[in-house]
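Enquirer: Encoded as structure tokens, here's the structure I'll be asking about.
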Amino acid sequence: MVQLNFDARQHAPLDNDPLPEGWYNFIIDESNAVPTKDGNPNHLRLVLRFSVMDGPHQGRKVFNGLNIRHTNVQTMEIANRELSAICAAVNLPYVQDTQQLHNIPMKGRVKIRKDPTGQYDDQAEIKSYKPINFVPPVAPGFVQQGAAAAAPQTAPAAPQGWMQTPQSQQAAQQAAPHPQAAPNGGWQQPQQPQPWGQPQQQTAPQPVAPPVQQPTPTAPPPQQPAPAGFAAPTPPPPAQQAAPAPASPEVAAAQQAAPPWARG
């Protein structure tokens, strides 16, 4: 057993997981030249240590190695082009000592390199360098590190004919407008839906009665001409209206008598 007087609150917990992919604000706080693993004296590797400046991953480190001296011309050219991108990000066209690159803010895009053999753990690498005032493009589904979380989106309405779940019904009730209080403190009746906002109701067609056909007056049949040697028939005399029947003596006396208002 070892006795310790250690306060963990005075030290940041060590996080060995690779830095999540994304854009970060970096500074170079350390640089060293080390031999390569193959032991070739003609090979020299420049190792730069990048430190995250802000955000939830502030203080995390990313190491990038550049083969600035190598027998393979193409390998050395790739290292020189990456070093040129770093110099452009910190606005230093000519660098005599790596100390000149230290503590100058820049932006870097982190990518995760996976070992195809599975022998080594995933490793974070900086694949792009930009000036500190560079605004990274936001790709669909990409969230910048340290950016505020987006506002929650409302669930889309269920298509017609689908049953709503209890969660969607509760969300719809919460989204519905509540009755507003009247100025005097009483309850105000919510506004009734206007007729123009309601769907039109189709009424059943009323049966239409067939038109009444008026009888067509029939003309009297034309008189046939009388045969030769015969006289034309005499048309019947028009019907005479019957004379009115004579009134009774009592009715005649009443008609001749003077009215009551005309009597003296």
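Enquirer: Checking the structure you have, find out if any residue of the range 35-43 is in contact with a strand residue (DSSP E or B) (Cβ under 9 Å, 6 or more places away or on another chain), of a type in the set (Val, Ile, Thr), surrounded by 13 or more Cβ atoms within 10 Å (Cβ to Cβ) and closer than 22 Å to residue 109 by Cβ.
Expert: No, the range 35-43 contains no residue that is in contact with a strand residue (DSSP E or B) (Cβ under 9 Å, 6 or more places away or on another chain), of a type in the set (Val, Ile, Thr), surrounded by 13 or more Cβ atoms within 10 Å (Cβ to Cβ) and closer than 22 Å to residue 109 by Cβ.
Enquirer: Sticking with this structure for a sec: Report yes if residue 28 is at pLDDT below 95, among the aliphatic types (A, V, I, L, M) and either in contact with a helix residue (DSSP H, G or I) (Cβ under 8 Å, 6 or more places away or on another chain) or in a loop (DSSP other than H, G, I, E, B) (or both), otherwise no.
Expert: No, not satisfied.
Enquirer: Hey, another quick one. Which condition number in (1) surrounded by 11 or more Cβ atoms within 10 Å (Cβ to Cβ); (2) more than 43 Å from the chain's Cα centre (by Cα); (3) β-branched (Val, Ile, Thr) is the one that residue 90 fails?
Expert: Residue 90 satisfies every listed condition except (2).
Enquirer: Can you pull out every residue in the range 54-87 that is without any contact (Cβ under 8 Å) to a residue 40 or more places away in the chain and of a type in the set (S, T, N, Q)?
Expert: 58, 67, 71, 72, 74, 75, 80, 84
Enquirer: Separate question: Just one of 63, 50 is closer than 17 Å to residue 105 by Cα and surrounded by 17 or more Cβ atoms within 10 Å (Cβ to Cβ); which is it?
Expert: Matching residue, one of 63, 50: 50.
Enquirer: Out of 131, 152, 136, I need the residue that is more than 19 Å from residue 79 (Cβ to Cβ) and at pLDDT 95 or above. Which one?
Expert: Going through 131, 152, 136 in turn, the sole match is 131.
Enquirer: With respect to residue 20, is the statement that it is over 20 Å from residue 135 (Cα atoms) and in contact with a strand residue (DSSP E or B) (Cβ under 8 Å, 6 or more places away or on another chain) true?
Expert: Criteria not met by residue 20.
Enquirer: Taking the conditions exactly as written (hydrophobic (A, V, I, L, M, F, W, C), surrounded by fewer than 17 Cβ atoms within 10 Å (Cβ to Cβ) and either part of a loop (DSSP other than H, G, I, E, B) or over 49 Å from the mean Cα position of the chain (by Cα) (or both)), does residue 2 satisfy them or not?
Expert: yes
Enquirer: From the list 91, 42, exactly one residue is free of Cβ contacts under 8 Å to residues at least 60 places away in the same chain and either on the phi > 0 side of the Ramachandran plot or assigned to a strand (DSSP E or B) (or both). Which is it?
Expert: Just one listed residue meets the conditions, 91.
The values are calculated or read from the model by the stated rules, or taken from the named source; none is laboratory data. All values derive from a computational prediction rather than experimental measurement. Counting neighbours? That spans all protein chains shown, and the Cβs are built from the backbone with ideal geometry, glycine included.
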